[in-house]
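Working notes, beginning with the structure itself.
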Amino acid sequence: MRLLAAALRKLARRPASWVVALILLAILALFYLALGASANQIPDERQRAQIETFLRDETAVRVLLGFLLGLGGLLALAYAGAVGGAEWTWGTLRVVVARGESRSRYVLTTFAAIAIVVLLGLIVAFAVGLALLLLASAMAGVPAPSLSGEFLAGLPGLVGLAWLGLVEQAAIGFGVATVARSQLAGVGAGIALYVLEQFVSVALPQQSRYLPFTVSSSLVATPEQAATVGTQLLDPALSLGLTAAYLVLALGIAALVTETAEITG
Amino acid sequence: MTSAAGGSAVASARPADRIAAHGLAVATRGLTKRYGARPALNGLDLSVPRSIVYGFLGPNGAGKTTTLRLLVGLLRPNAGTIELLGRPFSWRDRRRLFEVGSLIEVPAFYPYLSGRDNLRAIAATGPPVERGRIDEVLEFVALGDRAADRYDTYSLGMKQRLGIAAALLNDPPLLLLDEPANGLDPAGIVAMRALLRLLTSRGTTVLLSSHILPEVEQLADVVGIIAAGRLVREGRLDQLLAEGAAVRVRVATDEGSRAAEVLAAVPGSAGLEGPTQGPEGTTLTVRVAPDRSGEVNRRLATAGIYASRVEATSDLESLFLSLTGRPDEREIAAVAPFGGAGTPP
C-alpha cells in the first residue's frame with residue numbers, strides 16, 4: 001500500500017496530470033458550447049434534428065461517454081506513456097531497482113496508480129460534461145435530457161466500461177513506453193499506433209472492430225452509433241473480453257520487459 | 001591517511017582463490033560482463049574489506065560503473081560470482097540489496113517533486129525507512145533548508161547531495177558511490193569526506209568509484225585499480241603509494257639518452273621510465289624513494305647533465321598512470337582535448 005500511496009502522490013504532484021485534465025475539460029467545453037450555440041442557427045431541420053440528438057435523452061449521455069472514451073483515451077494513452085517512459089528516461093527505475101524493489105511490482109503499482117487517476121479524471125470529466133450538456137441543451141432550446149430509471153441504474157456500469165476502455169488504452173501507451181524505454185519515444189509510438197488504427201478502421205471497418213483502440217472505444221457505443229460509421233458492434237461480452245485481454249497483454253509485456261531488462265541508462 | 005583496514009589481508013597482487021570472502025563487504029570472482037561482443041569486465045576479482053573506504057579507480061570506460069551496476073542487480077553478469085556482506089548475491093536476490101545504499105551514475109529523481117518528496121517516493125520502495133529518517137539524511141547532506149524546493153531548481157552539487165542522502169536512507173552497512181564528488185564544490189567535498197569518515201567509523205563500508213585521484217588519495221584506505229575490465233592492482237593505499245614512489249627529472253632534449261644511462265645505474269632503483277620527449281624537454285622517471293631526489297640530481301650533475309626540474313613523487317597519479325598507461329607528452333601536446341580529431345569549435 002505504501003508503494004501505491006507513493007505512486008498516487010507522485011501523480012498528484014505531476015503537472016502533466018493536471019494539464020491533461022484541463023485539456024480534456026477545455027475541449028469538452030468547446031464541444032458543448034459550440035453544439036449549444038450552433039444548434040438553433042442551422043436552417044436545415046434535418047441537420048438540426050441530427051445535432052439535437054447529441055443533446056437529447058440517453059443518447060446524449062452515451063455521446064458524452066463516447067467523447068470521453070475517444071479523446072480521453074488518446075490523452076490517457078499519452079499520459080500513461082509519459083509516466084511509464086519517464087521512469088526510464090529520468091533513471092528513477094534504476095534507483096528503485098538498486099534499492100531492492102521488485103521490478104514488476106513497481107511497474108504494476110505505478111500503472112494501478114495511473115488507473116486510479118484515470119478513474120478520478122473520468123468521474124470529474126463526466127460530471128463537468130453533464131453540466132455542460134445541460135447548458136448546451138438550454139442554449140439550443142432543447143429540453144434537458146430525460147433519463148429512464150433503467151438507464152440511470154445502468155449508468156455506473158456504463159461509466160465502469162468507459163473506465164475499462166480508458167485503462168486499456170492507457171495500458172497500451174504504458175506498455176509501448178516501457179518497451180521503448182523512453183518517455184518521448186513511448187508517447188510518440190503510442191500515438192502513432194492509435195492514429196494507424198484509425199486509418200485501418202477506415203480501410204477495413206469490419207476487421208478493425210477487433211483492434212485494441214476500436215474495441216475499447218465501442219464499449220459504450222450503441223448499435224445505432226456504430227451504424228453511422230458503417231460498422232456493426234461486436235457482441236458486448238466479446239468486446240469486454242477483448243478489452244480485458246489487451247489490457248492484461250499490455251501490462252504483461254510491460255512487466256516482463258522491466259523484469260528482464262538490463263538497466264544501463 | 002589512516003588504514004581502517006587494520007590487519008586485514010589485502011595483498012597487492014594475488015590469485016583470486018587466495019582471498020577468503022569472510023570479512024569482506026564485497027567480493028567478486030571472475031566477474032565478466034560483455035555488451036554484445038565488447039567486453040566491459042574481464043574476470044574481475046575485487047576484494048573490499050569491511051568498514052573502510054575502498055577507492056575504486058580506473059580510467060573512463062575501464063568498467064567501474066559496469067561493476068557497480070552488477071553489484072546492485074541492474075545488469076546480469078556473463079560469468080563470475082558476487083558476494084555482498086559475506087553472502088552470495090545473484091541478480092534475483094533483490095532483498096539482499098536492502099543492506100546496500102547506492103548512487104550509481106548521475107542522481108535520478110523526479111524533477112517536479114521537492115527534494116523531500118523525492119526521498120519520500122524512494123523510501124516507499126525497497127526496505128522500510130524509519131520515521132524521521134528522511135529529514136535526518138537531508139540534514140546530513142546539508143539540504144534541510146532546500147528540502148521543500150523542487151528538484152529541478154537544484155544545482156548540480158545539491159542534486160549530488162540528494163543522491164547521497166537517498167543512498168543513506170536505510171543506514172546501509174554497505175554504500176556504493178559512483179563518482180560522488182561530481183559537481184560538489186570544495187566545501188561540499190570536504191563535508192562529504194567527513195560524512196564518509198563518520199560512516200566508516202560506525203562500521204559502514206564505502207565503495208567509492210572515482211577517477212578524481214586526489215579525492216581518493218585523501219579518503220580511501222584501500223584502493224583497487226581497474227583497467228580494461230581487469231583489476232590491475234589492489235591494496236592498502238599507503239603500500240601502493242610506497243610502491244609508486246619515484247623521482248621525475250626533466251633535462252634538455254638532446255641529453256635524454258645520456259641521462260637515461262646515468263639514471264639506469266642508480267642503485268636500488270625499481271625501474272626507469274622514459275626518456276619521453278615533451279615540448280619543454282625530456283622527462284625521465286626513476287623508481288626510487290622520494291628522499292633520494294638529491295642523490296639523483298647529484299648523479300646527473302656529476303655526469304654534466306643539469307636537470308631543469310627534479311620532482312619527488314609519491315602520488316596515486318603516478319601509480320595510476322603507470323598501471324593504466326601513461327600518455328606520451330608529445331601526444332598530449334599534439335592532440336585536441338579529450339582525443340578529439342578536429343579543432344575545438
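The values are calculated or read from the model by the stated rules, or taken from the named source; none is laboratory data. Values in this document were obtained by computation on a predicted structure and should not be read as measured data. Cβ placement follows ideal geometry from the backbone for every residue including glycine, while neighbour counts extend to all protein chains displayed.
Cβ separations smaller than 7 Å between residues 6+ apart or across chains give the following pairs from the stretch A:198-214 residues that are under 19 Å from A:Gly175 (Cβ atoms) and of a type in the set (S, T, N, Q) to residues that are surrounded by 12 or more Cβ atoms within 10 Å (Cβ to Cβ) and modelled with pLDDT under 85: A:Thr214/A:Ser201; A:Thr214/A:Ser208. Filtered by the rule that a residue be among the polar types (S, T, N, Q) and assigned to a helix (DSSP H, G or I), the stretch B:243-278 gives B:Thr253, B:Ser257. Taken over the stretch B:112-123, the criterion of being of a type outside the set (Asp, Glu) and within 7 Å of another protein chain (Cβ to nearest Cβ) is satisfied by B:Tyr112, B:Leu113, B:Arg120, B:Ala121, B:Ile122. Just so you know, in the stretch B:63-111 the residues that are of a type in the set (Asp, Glu) and more than 8 Å from chain A (Cβ to nearest Cβ) include one that is farthest from B:Leu176 (Cα to Cα), and it is B:Asp93.
For the stretch B:40-149, the helices (runs of 4 or more DSSP H) that sit wholly inside it and include 1 or more residues that are among the small types (Gly, Ala, Ser), touching a residue at least 24 places away in the same chain (Cβ under 8 Å) and buried (at least 22 other Cβ atoms within 10 Å of the Cβ) are B:115-123. Output the residue which, of all residues in the stretch A:1-31 that are of a type outside the set (A, V, I, L, M, F, W, C) and facing another protein chain (nearest Cβ under 8 Å), is surrounded by the fewest Cβ atoms within 10 Å (Cβ to Cβ). That would be A:Pro15. Restricting attention to the stretch A:174-217, the residues that are in contact with a helix residue (DSSP H, G or I) (Cβ under 8 Å, 6 or more places away or on another chain), more than 17 Å from A:Leu68 (Cα to Cα) and not acidic (Asp, Glu) total 24. When A:Ala115, A:Ala78 are checked against the criterion of being at pLDDT 95 or above, crowded, with 16+ Cβ neighbours inside 10 Å and either within 26 Å of the chain's Cα centre (by Cα) or aliphatic (A, V, I, L, M) (or both), A:Ala115 stands alone in meeting it. Is at least one residue of the stretch A:133-153 surrounded by 19 or more Cβ atoms within 10 Å (Cβ to Cβ), assigned to a loop (DSSP other than H, G, I, E, B) and either at pLDDT 90 or above or within 14 Å of chain B (Cβ to nearest Cβ) (or both)? Taking every residue of the stretch A:133-153 in turn, none turns out to be surrounded by 19 or more Cβ atoms within 10 Å (Cβ to Cβ), assigned to a loop (DSSP other than H, G, I, E, B) and either at pLDDT 90 or above or within 14 Å of chain B (Cβ to nearest Cβ) (or both).
If you go through the stretch B:179-232 and pick out every residue that is crowded, with 22+ Cβ neighbours inside 10 Å and of a type in the set (D, E, K, R), you end up with 1. Is it true that some residue in the stretch B:160-172 is more than 10 Å from chain A (Cβ to nearest Cβ), under 23 Å from B:Val72 (Cβ atoms) and surrounded by fewer than 18 Cβ atoms within 10 Å (Cβ to Cβ)? Checked against the condition, which is being more than 10 Å from chain A (Cβ to nearest Cβ), under 23 Å from B:Val72 (Cβ atoms) and surrounded by fewer than 18 Cβ atoms within 10 Å (Cβ to Cβ), the stretch B:160-172 yields at least one hit. Residues that are more than 21 Å from A:Ala98 (Cβ to Cβ) and either in a loop (DSSP other than H, G, I, E, B) or among the hydroxyl-bearing types (Ser, Thr, Tyr) (or both) within the stretch B:150-183 comprise B:Thr153, B:Ser155, listed in sequence order. Restricting attention to the stretch A:187-204, the residues that are buried (at least 17 other Cβ atoms within 10 Å of the Cβ) and among the aromatic types (Phe, Trp, Tyr) add up to 1.
Quick one: is A:Gly165 assigned to a helix (DSSP H, G or I) and either more than 12 Å from chain B (Cβ to nearest Cβ) or free of Cβ contacts under 8 Å to residues at least 60 places away in the same chain (or both)? It is true that A:Gly165 is assigned to a helix (DSSP H, G or I) and either more than 12 Å from chain B (Cβ to nearest Cβ) or free of Cβ contacts under 8 Å to residues at least 60 places away in the same chain (or both). Exactly one residue out of B:Ser322, B:Ser293, B:Ser318 is modelled with pLDDT of 65 or more, under 12 Å from B:Val249 (Cβ atoms), surrounded by 12 or more Cβ atoms within 10 Å (Cβ to Cβ) and within 30 Å of the chain's Cα centre (by Cα), and it is B:Ser293. Contact map, the stretch B:229-257: residues that are more than 30 Å from B:Val48 (Cβ to Cβ) paired with residues that are in a helix (DSSP H, G or I) and of a type outside the set (Lys, Arg), Cβ distance under 6 Å, separation 6+ or inter-chain. Pairs shown: B:Val247/B:Ser293; B:Val247/B:Val296; B:Val251/B:Ala259.
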